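Please read the structure below before turning to the comments.
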Amino acid sequence: MADERDRESAADRAIGSRARYEPTSRRPIASLFRRTGDGPARWLAQRGVSADAISWLSLLVAALSAVCYWQAGRAPLLLLIAPLLAYLRLYFNMLDGMVALEAGTASRRGEIINELPDRGADLLIFVGIAHSGLCEPLLAYWAAIAALLCAYVRTLAQAVGVSRQFDGVMSKPLRMVVLHLGSWILLAMYFFSEPEWTARRRVMDLTLAIILIGCAQTIWVRLRRSLRVLSGRESGDEHHGKGGTD
């Protein structure tokens with residue numbers, strides 16, 4: 001009987017630890033923006049809406065943004081809508097984690113489900129731009145690769161025991177802000193000036209170039225800080241090991 005009670009107690013503790021799971025590090029989000037999600041997160045959690053479903057919904061919204069960019073060369077007004085959909089994607093990406101924490105369903109599995117649609121969303125949006133005729137396609141593809149590398153370096157840091165790195169000038173929200181500004185400047189050029197088509201292309205090319213340069217800085221900063229932390233730990237371990245043999 002005692003062994004059975006011990007097993008039951010261990011199972012209860014395991015269940016409790018899963019219920020209390022919280023991500024080891026979360027993206028810093030402006031408190032004002034985060035507060036806009038408090039009410040919707042509670043409402044969705046109370047109605048049993050899955051955080052995973054919101055994660056996949058963000059991918060669907062990103063796909064709609066990509067379609068808008070893809071067709072914007074034929075219908076310029078889509079440049080008004082595409083960035084707004086990209087922002088909605090960001091909102092859903094914030095909301096899924098808030099719903100998981102509110103409902104007590106946060107888990108390591110949930111962290112993976114949160115990341116996968118987000119990476120797919122980056123790819124979709126930049127691929128849509130690449131095939132829009134509004135830019136040099138290779139620039140858009142390089143921007144997609146750079147965005148993936150920013151996220152990869154961030155999660156790689158966590159994988160080797162360093163907290164996730166969110167530093168750098170071109171985080172995911174900032175990429176969408178730059179893209180938004182470039183899109184609306186291009187839209188204004190359609191309606192308020194008559195530049196050559198090549199001049200219009202240069203606007204989006206410049207936008208993508210800014211994203212690329214910013215991503216390169218972000219990757220460098222995140223790698224440098226992660227390596228600095230790891231080097232400090234290794235030096236400390238080496239010093240501790242020498243101290244133990246004296």
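We did not get these values from a lab; they are worked out from the coordinates using the rules stated. No experiment lies behind these values; they were computed from the predicted model shown. Don't worry about glycine lacking a Cβ; one is built from the backbone with ideal geometry, like all the others, and counts go over all protein chains shown.
Considering only TYR87, SER163, ALA121, the residue lying farthest towards the positive end of the dipole of segment 46-245 is SER163, judged by Cα position with unit charges set on Cβ. In segment 36-160, the C-alpha radius of gyration followed by the widest Cα-Cα span (Dmax) gives 15.9, 47 angstrom.
For segment 99-173, the dipole from Cβ point charges (+1 on Lys and Arg, -1 on Asp and Glu) about the Cα centre works out to 180 debye, to the nearest 20.
Label segment 46-245 by shape, choosing from rounded, prolate and oblate, from the square roots a ≥ b ≥ c of the eigenvalues of the Cα gyration tensor; if a/c is under 1.5 it is rounded, and otherwise prolate applies when a/b is larger than b/c, oblate when it is not.
It is oblate, given that a/c is not under 1.5 and a/b is not larger than b/c.
Taking a ≥ b ≥ c as the square roots of the eigenvalues of the alpha carbon gyration tensor, segment 90-175 is prolate, as a/c is not under 1.5 and a/b beats b/c. Put a dot 7 Å past the Cα of ILE145, heading toward its Cβ, do the same for TRP220, and the two dots end up 1.8 nm apart.
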